[in-house]
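Working notes, structure below.
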Amino acid sequence: MVSDPTIPQRIARLTPLADVLARVDALVKPMTPREVATGAAAGRILAADVSVARRPHTPLALRDGWAVRADLTTDASSYAPAPLPAPTRIDVGEPMPAGADAVAALDVVVTRGSRMEIIAPVGVGEGVLLAGADADGGKTLAREGRRLTPIRAAVLAGAGVERVHICEPRVRLVRVRAVGDDVIDAAMDLIAGEVAAVGGRILRDEQGTSDARLDAALRDDTADAIIAVGGTGGGRHDASVHTLARVGRVEAHGIALSPGETAAFGFVGPRPVLILPGRLDSALAVWLVIGRLILARLAGCSEEAPVTRARLSRKVASSLGLTEVVPVRMRDGAAEPIASGYVPLSALAQADGWLLVAADSEGYPSGAEVMIRPWP
């Protein structure tokens with residue numbers, strides 16, 4: 001696309017959303033992984049499967065007590081204690097001595113003169129962590145393409161895994177309007193939280209005029225992706241798409257997605273650029289449908305977004321050829337559509353999730369089963 005700054009930005013046609021998503025799939029590649037300490041990897045996307053050696057190598061005590069042979073305790077009771085020849089005192093985590101296959105609790109072993117007796121039976125393996133119980137040496141504990149949750153990070157650290165490979169996309173957020181615009185501020189903060197939630201790192205720079213900020217961000221190769229907010233329309237001061245066309249290339253300006261029709265998508269070299277409209281509902285819709293996919297591709301994420309099945313409490317009407325993001329409110333297991341087209345702030349505040357109406361659909365009748373996705 002060739003840009004002439006003297007000509008106002010115009011959308012020649014709306015690119016089908018499916019075409020934009022196909023371009024994202026084809027052109028946005030996972031970033032180069034890096035190795036970090038396991039403790040610092042929580043929340044990031046793993047770039048490789050993680051397995052560990054057989055753990056433990058030998059049976060260990062799972063509780064403080066006495067290491068015994070279980071068959072010697074079969075008939076033991078408080079009325080008929082069973083003698084224990086040479087029981088071994090053991091603490092949790094210590095290796096089991098040869099010949100012992102159970103750990104009796106401290107209070108069931110008593111001393112009677114010089115004799116040791118047990119007053120309750122103990123089953124084979126009771127109180128024992130068997131060899132290979134934590135990890136058999138062949139099982140994958142954490143998989144490539146999945147987020148390393150805090151509990152998974154703790155498991156890996158506990159298994160002796162000191163370092164892992166992760167993808168941590170660096171995303172530069174750019175404001176394409178004056179500081180102090182509440183809507184832009186809200187959209188920027190929302191996206192920053194989304195990026196952080198999947199283990200990305202946010203880069204921000206508020207210096208200079210809007211055009212200068214975007215130009216500098218597009219030329220900065222320290223970022224893996226650029227997300228800009230504002231300046232996508234045909235207003236007198238809108239020039240974001242012109243700037244992208246001058247520095248890189250525009251894949252689409254005008255996307256058949258409602259809300260969000262004025263959004264733009266392109267590249268500077270291999271780095272994807274997504275420019276969101278300066279309306280909160282539009283910025284949110286474009287981010288949910290396109291931005292999340294870009295981020296997932298950069299991070300090599302293979303996790304599916306969570307969805308909930310629900311029935312519509314009333315019909316949803318939509319225009320053919322236009323994919324639509326519709327916010328819904330959940331009531332007694334049913335989904336109630338609460339806005340269409342422009343979504344006012346009051347509706348966004350009430351929404352519990354959203355559904356996507358495909359471009360080849362005119363909507364859904366009341367009672368139809370739909371897939372509800374959660375808000376950020």
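The values are calculated or read from the model by the stated rules, or taken from the named source; none is laboratory data. Just so we're clear, the structure is a prediction, and the values are computed from it rather than from any experiment. Because the Cβ atoms are built from the backbone with ideal geometry, glycine has one as well, and the counts that use them run over all protein chains shown. Ligands, DNA and RNA are stripped out before the accessible areas are found, and what is left, the full protein with its side chains, is counted by its heavy atoms. Shrake-Rupley method; radii C 1.70, N 1.55, O 1.52, S 1.80 Å.
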Worksheet, complete the sentence: Computed on Cα atoms, the radius of gyration and Dmax of region 33-127 in angstrom are 19.9, 65
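Out of the DSSP beta bridges found with both residues in the chain, what percent are antiparallel (nearest 5)? The partial results should precede the final answer.
Values: 53 of 71 bridges.
Approximately 75 percent, going by the DSSP bridge assignments.
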Worksheet entry | Carbon and sulfur %, accessible surface of region 28-131 computed with the full protein complex present, 1.4 Å | 56
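Mean projection of the alpha-carbon convex hull of region 328-376 over all orientations, in nm²? Write down the numbers at each step before the final one.
Details: hull surface 15.3 nm².
Mean projected area of the Cα convex hull: 3.8 nm².
Quick check: residue separation of Val36 and Leu62 times 0.36 nm, minus the Cα distance between them. What number comes out in nm?
6.2 nm
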Discussion item. Tell me the per residue accessible area of the chain using a 1.4 Å probe; a whole number in Å² is fine.
Written reply: 48
Worksheet item: Per the 1.4 Å probe, what fraction of the accessible area of region 206-326, in percent, lies on carbon and sulfur atoms?
Response: 50
Worksheet entry | Cα→Cβ-extended label distance, 7 Å offset, between Ala196 and Ala98, nm | 5.7
Worksheet item: What net charge do the residues around Ala42 carry, taking every other residue with its C-beta under 11 Å from that of Ala42, with Lys and Arg at +1 and Asp and Glu at -1?
Response: +3
Practice prompt. Give the distance, in whole Å, between the Cα centre of region 258-317 and the Cα centre of region 362-376.
Written response: 17
Item to complete: Would you calculate the separation in nanometres between label points at Ala216 and Ala347, each defined as 7 Å from the Cα along the Cα-to-beta-carbon direction?
Response: 3.8
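If I take every Cα pair under 8 Å that is 6 or more residues apart in the chain, average their sequence separation and divide by the length, what percent do I get for the relative contact order? Please list the in-between numbers first.
Details: 872 pairs, mean separation 69.6, N = 376.
Taking the mean separation of contacting Cα pairs over the length of the chain, I get 19 percent.
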Discussion item. What three numbers, in Å, describe the spread of the alpha carbons of region 1-72 along their principal axes, ordered from the longest?
Written reply: 92, 26, 19
Fill in: D (Stokes-Einstein, µm²/s), Kirkwood Cα radius, the chain, 0.692 mPa s at 37 °C
133
Worksheet, complete the sentence: Here the gain from full extension of Trp375 to Asp107, 0.36 nm per residue of separation minus their alpha-carbon distance, amounts to 91.1 nm
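I need the Kirkwood Rh of region 55-100: take the reciprocal of the average 1/r across all distinct C-alpha pairs and report it in angstrom. Don't skip to the answer; put the middle values down first.
Working: mean 1/r = 0.0860 Å⁻¹.
The Cα-based Kirkwood calculation yields 11.6 Å.
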Practice prompt. May I ask what percent, to the nearest 5, of DSSP beta bridges between residues of region 218-300 are antiparallel?
Written response: 70
Worksheet item: Nearest 0.05, what FRET efficiency do Ala22 and Lys139 give at R0 = 41 Å with Cβ-Cβ as r?
Response: 0.70
Response to the item:
Over region 276-376, the quotient of the Cα radius of gyration and 2.2 N^0.38 Å is 1.07
Item to complete: Work out how far the C-alpha atoms of region 128-177 reach from end to end along every principal axis, then list the three figures in whole Å, largest first.
Response: 64, 18, 15
Worksheet item: Using 7 Å Cα-to-Cβ label points, what is the Ser319/Asp182 separation (nm, one decimal)?
Response: 2.9
Fill in: Pairwise FRET efficiency - Arg309 versus Ala154, Cβ, R0 = 30 Å, nearest 0.05
0.40
